[in-house]
1. If the cut-off is a Cα-Cα distance under 16 Å, which aspartates and glutamates reach Lys122, setting aside same-chain residues fewer than 8 apart in sequence?
2. Sort His189, His160 so the one with the fewest other Cβ atoms within 10 Å of its own Cβ comes first.
3. If you stretched the chain out fully between Ser80 and Glu346, how much longer would it get, using 0.36 nm times the residue separation minus the C-alpha to C-alpha distance?
4. Taking the Cα centre of the chain as origin, work out the dipole magnitude from +1 charges on Lys and Arg Cβ and -1 charges on Asp and Glu Cβ, in debye rounded to 20.
5. Only helices at least 24 Å long along their axis, Cα-based, and averaging -0.5 or more on Kyte-Doolittle count here, so list those DSSP H runs from the chain.
6. Please state, as a whole number in µm²/s, the translational diffusion coefficient that the Stokes-Einstein equation yields for the chain at 4 °C and 1.567 mPa s, with Rh defined as the Kirkwood radius across alpha carbon pairs.
7. Using Cβ counts within 10 Å as a stand-in for footprinting exposure, how do Val313, Val267 rank, fewest first?
8. Using the Kirkwood radius built from alpha carbon pairs, what does the Stokes-Einstein equation give as D for the stretch 23-154 at 25 °C and 0.890 mPa s, in µm² per second?
Amino acid sequence: MMPVKTIEWVGDADGAARLIDQTLLPNEVRYLDARDVETMWEAVKMLRVRGAPAIGIAAAFGMYLAVRDATPICRDEFLSEVDRAAAYLNTARPTAVNLSWATRRIQSLVAANEDASVSELKELMLEEAIAMIEEDNAVCRAIGEYGAALINDGDTWLTHCNAGGLATAQFGTATAPIYTALEQGKRIHVYADETRPLLQGARLTAWELQQAGIPVTVITDNMAATVMAQGRIHGVIVGTDRMAANGDFANKIGTLGVAILAKEFNVPFYVAAPTSSIDMTLASGDLIPIEERRPEEVTEGFGKRTAPYGVNVYNPAFDVTPHRYLSGIITEKGLIRPPFDMGLQEVFDQERAS
Ligand code: MRU
């Protein structure tokens, strides 16, 4: 069964970006049609659309929506509107580099088409955002192929958060090897950490794997040590919101703990990282900006108060896993083994040369 489409464009140039509202899953499958940039900004901020690659695609549609009705008197005025839209969208969430990667890509497209009229530029922007969906599907498919080679028939793998189809246009990064392994006829079982505080593992990963017919077992985050100690886990695979040039990477809070456990119990630990999530301008992971979110996500996470009013709360949405915990980085260009700084540099050198 094909994973659901997380985001798509519906209609002609006057249409809308259609998103599955992930805050309602798994209880309700409801779609949201974003017709203006403010709706898209809110959807990203509130995690209606979330996961690094999906955020990037949403931002690209947001860029188009921001200028769709603009009637500038000259090209320069239009370029300023495009820049304003990028600056606005970039404020929605700080950690996933795909957001600024996508807005910059649309800005560069507009800047490069010097002879195009404003209406032609708008058309190009929409085409580019739509093309990013197909591109994301191809990237995830390639990650799936490289990653599936690491999975043996009968394996059980553990994942944290949701780096699945719901976090991309359709196939996911960390789940792509699992979907591909299944297509190859391998039997695979997945343990999904529930992923406090917002339960992306329990609500989203479990839901989408179940939809795809993949056996999945949900555990609370503090059970990961036990299942590894019991020898139930053959490999761990997670996604990333931003990887630095040395292979350190940010992912959902709790990933670092899983990485440390995997090392202790000799379980191979992989990250699926599309090149759009790799930030070669940052030398190491301590430079990655980490989003802090509202305290209520921790104190009222289950729809009722679970901590006393007035208590101090610390709620970082992501942590940084040092590259020394990694067995490998799975990109759409191939599997990178240590030394990761050299491997990542090679991937980007090849990309520049092609
Ligand atoms: O806060 P979220 O739900 O956007 O966090 C998502 C993650 O941490 C994912 O693992 C990451 O974005 C990779 S998605 C392919």
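Bear in mind that the values in this text are calculations on the coordinates, not laboratory data. From a predicted model like this one, the values you see are computed outputs, not experimental measurements. For neighbour counting, all protein chains shown are included, and Cβ atoms are generated from backbone atoms with ideal geometry for every residue, glycine included.
1. The reachable aspartates and glutamates, counting only those whose Cα sits under 16 Å from Lys122, are Asp12, Asp14, Asp36, Asp69, Asp76, Glu77, Glu81, Asp83, Glu114.
2. Least crowded to most crowded, the residues run His189, His160.
3. Gain in length upon complete extension: 92.2 nm.
4. Result for the chain is approximately 1240 debye, rounded to the nearest 20.
5. Details: long enough: 118-148 (45 Å, 0.19).
Taking the DSSP H segments of the chain (at least 24 Å long, mean hydropathy at least -0.5), we get 118-148.
6. Numbers: Rh = 20.6 Å.
Reported coefficient: 63 µm²/s.
7. Val313, Val267
8. Estimated diffusion coefficient is 154 µm²/s.
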